[in-house]
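In what follows, a structure is listed as structure tokens, so that the remarks can point back to it.
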2 protein chains.
Amino acid sequence: MSNELKVTAEPGVPQVMTTREFDAPRELVFRAFTEPDLLMQWLGPRRLKMQIDRFETGHGGNYRYVHSDDDGNEYGFRGVFHGEPSMDQLVQTFEWEGMPGHVSLDTATFEERDGTTIVRTNSVFQSVEDRDGMVGSGMAEGMNEGYEQLDELLEKLKTDA
Amino acid sequence: MSNELKVTAEPGVPQVMTTREFDAPRELVFRAFTEPDLLMQWLGPRRLKMQIDRFETGHGGNYRYVHSDDDGNEYGFRGVFHGEPSMDQLVQTFEWEGMPGHVSLDTATFEERDGTTIVRTNSVFQSVEDRDGMVGSGMAEGMNEGYEQLDELLEKLKTDA
């Protein structure tokens, strides 16, 4: 098992794909992605505080969360879910409120292999410029730190179970 | 003014962009895209009957419509809206129920120029295969026929106004 985050972003293509393995069964990893009280414990960089305003899964459900730093800067994100979330596919739109109107479509899949789970994400953007902006904003670093926090949360959940 | 449909689909990129001009002000064209009783009069190929099951615009709103042919074959489509629809940008997810789980993100913009309206659409898909499948299914032909029906509807609406 390797917990390295792999990021694929081809030049000229408005898409980013990532792969990351977690040492936990996929039911548990899926819960951490879809239950707001778990999601708020890991999503985003360590230095930011996470607050979930709204999180309604299900086709057409809305979500909104806010990351804030120690200086009081706030970064809001929002989107809607497409389809009933399942371990085979979690599909949602995504928009950073700091750049309103720039929307991506994010898909996450959860594949179990010998007790570990491979999470793949696929984000498609309205343009290559939007994709490049997202990658340039430190997307991979933020995901990486978030996923490290998720490793820790999964360990705790496995111990509690 | 040219009412030719231009379609851009670059090899290896999961995206299709189209441009089409309409001889009507953008308020009218936008209404035809967002009011179900107008939309049902033009969307899709001529040979198919259009029925709208559900059409709730607004962030998180659901839509679903069904195209059917004379032999009773039905083709359902569904998605959700992201953000409040505006003439600057109408954003929605799109899924053909015949290939469940394959979702695209569609954006339409409405630009007025000397009393005519340029409608641009931008669809991004989860993969190039999905994009190629959509293009291969006759997407451009269907759009073209739909847009010709929209030309006729817009003429009628302008006369009635």
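The values are calculated or read from the model by the stated rules, or taken from the named source; none is laboratory data. None of these values were measured; they are calculated from a predicted model. Every residue, glycine among them, receives a Cβ derived from its backbone with ideal geometry; neighbour counts consider all protein chains shown. Only protein heavy atoms, including side chains, enter the accessible area calculation; ligands, DNA and RNA are left aside. Shrake-Rupley method; radii C 1.70, N 1.55, O 1.52, S 1.80 Å.
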Interface B:A - total buried accessible surface [probe 1.4 Å, Å², rounded to 100]: 2000 Å²
Share of carbon and sulfur in the accessible heavy-atom surface of region A:31-161 [1.4 Å probe, %]: 47 percent
Shielding of A:6-19 by partner chains, average beta-carbon count, 10 Å: 2
Largest to smallest accessible area among B:Lys158, B:Lys6 [probe 1.4 Å]: B:Lys6, B:Lys158
1.4 Å probe, heavy atoms, protein only - residues of region A:26-74 losing at least 50 Å² accessible area vs chain alone: A:His59
Solvent-accessible area per residue, Å², over chain A with all protein chains present [probe radius 1.4 Å]: 48 Å²
Rh (Kirkwood; distinct C-alpha pairs) - chain B, Å: 16.1 Å
Relative contact order (percent, whole number), region B:1-130, Cα cutoff 8 Å, 6+ residue spacing: 25 percent
Shielded residues, region B:106-138 - accessible-area loss of 30 Å² or more between chain alone and all protein chains, probe 1.4 Å: B:Val124, B:Gln126
Taking all pairs of distinct alpha-carbon atoms in the protein assembly as shown, Kirkwood radius in angstrom: 21.1 Å
Axial C-alpha extent at least 27 Å, average Kyte-Doolittle at least 0.0 - helices from chain A (DSSP): none
Mean Cβ count within 10 Å, highest first, over the residues of peptides B:38-50, A:21-33: A:21-33, B:38-50
Stretchable slack from A:Arg47 to A:Met99, in nm (0.36 nm times residue separation minus alpha-carbon distance): 16.6 nm
Derived scalar couplings ³J(HN,Hα) [region A:75-90; Karplus, 6.51 cos²θ - 1.76 cosθ + 1.60; whole Hz; x for Gly, Pro]: 10, x, 9, 8, x, 10, 8, 10, x, 6, x, 9, 5, 6, 5, 10
Tail weight of P(r) past 16 Å, computed on alpha-carbon pairs of region B:48-131, percent: 61 percent
Number of Lys pairs (Cα under 27 Å; 8 or more positions apart or on different chains) in the protein assembly as shown: 10
A:Arg31/A:Arg120 FRET efficiency (R0 22 Å; Cβ-Cβ; nearest 0.05): 0.80
